[in-house]
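Student: Take a look at this one; I'll ask things after.
Coordinate-derived values only; no laboratory data. The structure displayed is predicted, hence computed values, not measured ones. In this analysis, Cβ positions are derived from the backbone assuming ideal geometry, glycine residues included, and neighbour counts consider all displayed protein chains.
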Amino acid sequence: MDPKRIRSLLERYYEGQTTLEEEAELRAFFRQADVPDEFMSEKEMFAFCDEAYAVQPDKGFEERIMTSLLAPAMPRQHHRALRRQWTFTLAVAASLLVLVVSVWISSNDRIVRPSATLADTYDDPEEALMKTKETLYAVSQIMNSGTGNLKHLGRFSDGMKPMENLATMERGLEKLKPVSKFSEAVKLFKIK
């Protein structure tokens, strides 16, 4: 088949303008073994569609679907009973979890007691104060170095200032609504 005709049919196919006969012609072309390389992706697509159309549900499928759709919904009381049962089950499970974790923590000797770990590292309070100030200054420098790029945000807000005029314009348009209603009324009562 002529590649120009195939291109034309494909174009119309993708736009949804082909007839059933033209689509059958395309499917027949792409079922051939010797399809030009430029149409290989379309050949794969048509092969996939052919495979998808070949899949059919078993005989009772539609009947089972309709039966399940038309079956009465589960009674509300049954829902409540299931919810109560799940609530009770989850409450028992949470209680057991708390009990197991508390027993494990109380019997675990590897837990470090806070009183044993807190100890002074400096004998001189002035030296401790100086070391604390140095550490806080270093942290401050690191945190402030990340804010350098934020200074350009002011330019963004400057650029948004002309947008404030849009709100004024919107209020003005609201005031003009009665004028449009007046012009509609004039059109209605206009004598021809």
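Student: Considering only the stretch 5-16, state which residues are of a type in the set (S, T, N, Q) and either surrounded by fewer than 10 Cβ atoms within 10 Å (Cβ to Cβ) or touching a strand residue (DSSP E or B) at 6+ places or on another chain (Cβ under 7 Å) (or both).
Tutor: None - no residue of the stretch 5-16 is of a type in the set (S, T, N, Q) and either surrounded by fewer than 10 Cβ atoms within 10 Å (Cβ to Cβ) or touching a strand residue (DSSP E or B) at 6+ places or on another chain (Cβ under 7 Å) (or both), so the list stays empty.
Student: Test D2 against the stated conditions and say whether it is among the acidic types (D, E), surrounded by 10 or more Cβ atoms within 10 Å (Cβ to Cβ) and out of contact with any strand residue (DSSP E or B) (no Cβ under 9 Å at 6 or more places or on another chain).
Tutor: Answer is no for this residue.
Student: Then there is this: In this structure, is A33 closer than 30 Å to P3 by Cβ, over 35 Å from the mean Cα position of the chain (by Cα) and either surrounded by 11 or more Cβ atoms within 10 Å (Cβ to Cβ) or of a type in the set (K, R) (or both)?
Tutor: For A33, the condition - closer than 30 Å to P3 by Cβ, over 35 Å from the mean Cα position of the chain (by Cα) and either surrounded by 11 or more Cβ atoms within 10 Å (Cβ to Cβ) or of a type in the set (K, R) (or both) - is not met.
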